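Undergrad: Handing you a structure now.
Please treat every number below as a calculation from the coordinates, not as lab data. Being a predicted model, the structure only gives us computed values, none of them experimental. When we count neighbours, we look across all protein chains shown, and the Cβ atoms used for this are built from the backbone with ideal geometry, even at glycine.
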Amino acid sequence: MPASARPRRSALYMPGSNPRALEKGRTLMADVLILDLEDAVAPDAKDAARTNIATALAEGGYGKREILVRVNALDAPWGRQDLADLATCGADGILLPKVESADAVRKALSILDAAGGPADLAVWCMIETPMGVLHAEEIAAASPRMAGFVMGTSDLAKELHCLHTPQRLPFMTSLNHVILVARAYGLAALDGVHLDLSDDEGFTQNCRQGLELGFDGKTLIHPKTIDQANETFGPSDQEVEYSRQIIAAFEEAQSEGKGVVVLDGKLVENLHVENARRILTLAQMIKDLSTEME
């Protein structure tokens, strides 16, 4: 597991224009908080939201949660100011919306650097247009500071003229392509939001599908969905125990000079051991994070 890896089962969008929401974020069990300056904030509240986020992060209290700030696009009236003002706010990363090229990443980084942002401030990119999907590889390679992709399936549906269906078949090409690129470049990948808050069953199915596709977690629009996302994307007790058994069987076979390892009638190879170690590391990180939040 890369050193930069961490639990990202649940990533909750929180409007920067709502100080009470920013305060509540300190008590929520979400792995990631996305403090939003873009879609969740009205035009006349952008300046106040920027100040609210800077103030909240200066006050601290978010513990080990990963904090991302979603800024407005560079071609929007507020985008450059967002980057300049929040370059030193203390967030773990800046989330850029509607990214369609490597050049957009490099321009954002130049503004962050000019404003005195830390050299290790991560950049995340929303992939929410057909051009963004098609250019995902060049975006991933734009900078060593690229940390991850976030799917923007709502905007993508609008651009594709497709429907939100229970199985999300219209998105499969885009989701699979972004996952492929993310894994090829060692980036995190977060699935898009589920818009119907009354559809608990559909949300659960959405999370399961995202896990099966390979996403690290789910972006959320309401705190009530955090627990389900955490449960789905986190390793189960059974997975953790089986991972321990895989490692123990492999190590025992190695100590006895055996070339073939079999557990419960199944062949165990190096790739299974590597995945087992990844699961155990993730489980320990989740335990540490949960303990700190309690």
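Undergrad: Net charge near residue 156, counting Lys/Arg +1 and Asp/Glu -1 over other residues with Cβ under 14 Å of its Cβ?
TA: Local net charge: -3.
Undergrad: With θ set to phi - 60°, apply the Karplus curve 6.51 cos²θ - 1.76 cosθ + 1.60 along the stretch 202-210 and write out the HN-Hα couplings as whole Hz, x wherever there is a Gly or Pro.
TA: x, 5, 4, 5, 4, 5, 4, 5, x
Undergrad: Let me know the charge dipole size of the chain about its Cα centre in debye, to the nearest 20, where only the beta-carbon of Lys, Arg (+1) and Asp, Glu (-1) is charged.
TA: That gives the chain a dipole magnitude of about 280 debye.
Undergrad: Let me ask something additional. Amide H neighbours of residue 268 under 5 Å, counting only residues 5+ apart in sequence or on other chains, H built in-plane at 1.01 Å?
TA: 261, 262, 263
Undergrad: Next question, about the same structure. Over what distance in Å are the Cα centres of the stretch 193-210 and the stretch 110-156 separated?
TA: 25
Undergrad: Just to confirm a number: summing +1 for Lys and Arg and -1 for Asp and Glu over residues other than residue 217 whose beta-carbon lies under 11 angstrom from that of residue 217, what do you get?
TA: Residues near residue 217 contribute 0 overall.
Undergrad: A follow-up question, please. If you take the charge dipole of the chain about its Cα centre, with +1 on Lys and Arg Cβ and -1 on Asp and Glu Cβ, which of 174, 125, 152 is farthest toward its positive end?
TA: 125
Undergrad: Show the residues, 5+ positions off or on another chain, whose built amide H is closer than 5 Å to the amide H of residue 127.
TA: Hits under the 5 Å cutoff: 150, 151, 152.
Undergrad: Under a straight-distance cross-link criterion of Cα-Cα below 22 Å, which lysines are reachable from residue 24, leaving out those fewer than 8 residues away in the same chain?
TA: 46, 64, 218, 224, 287
Undergrad: Next question. Can you tell me which of 134, 280, 271 moves the most in a GNM of the chain? Springs connect C-alpha atoms under 10 Å apart.
TA: 271
Undergrad: A further question on this structure: Please give the helix 237-255 orientation as an angle from the longest Cα principal axis of the chain, in degrees from 0 to 90, rounded to the nearest 10.
TA: Value to nearest ten degrees: 50.
Undergrad: Run the numbers on the stretch 114-221 and let me know its relative contact order in percent, using alpha-carbon pairs under 8 Å that are six or more apart.
TA: Averaging sequence separation for qualifying contacts and normalising by length gives 26 percent for the stretch 114-221.
Undergrad: Go through the stretch 205-294 and name the trypsin sites (Lys or Arg not before Pro) that are in a DSSP coil and have 14 or fewer other Cβ atoms within 10 Å of their Cβ.
TA: In loop regions of the stretch 205-294 (DSSP not H, G, I, E or B), the sparsely surrounded trypsin sites (Lys or Arg not before Pro) are 258.
Undergrad: Right, next: Among 282, 160, 220, which comes first, then next, by fewest other beta-carbon atoms within 10 Å?
TA: 160, 282, 220
Undergrad: To continue, here is another question. Work from the charge dipole of the chain (Cβ charges, +1 for Lys and Arg, -1 for Asp and Glu, about the Cα centre) and give the residue of 257, 71, 30 farthest towards its positive end.
TA: 71
Undergrad: Let me ask something additional. Could you tally the net charge around residue 13, taking each other residue with its Cβ under 12 Å from the Cβ of residue 13, Lys/Arg +1 and Asp/Glu -1?
TA: -1
Undergrad: Please give the helix 270-293 orientation as an angle from the longest Cα principal axis of the chain, in degrees from 0 to 90, rounded to the nearest 10.
TA: Relative to the chain, helix 270-293 is tipped by roughly 50 degrees.
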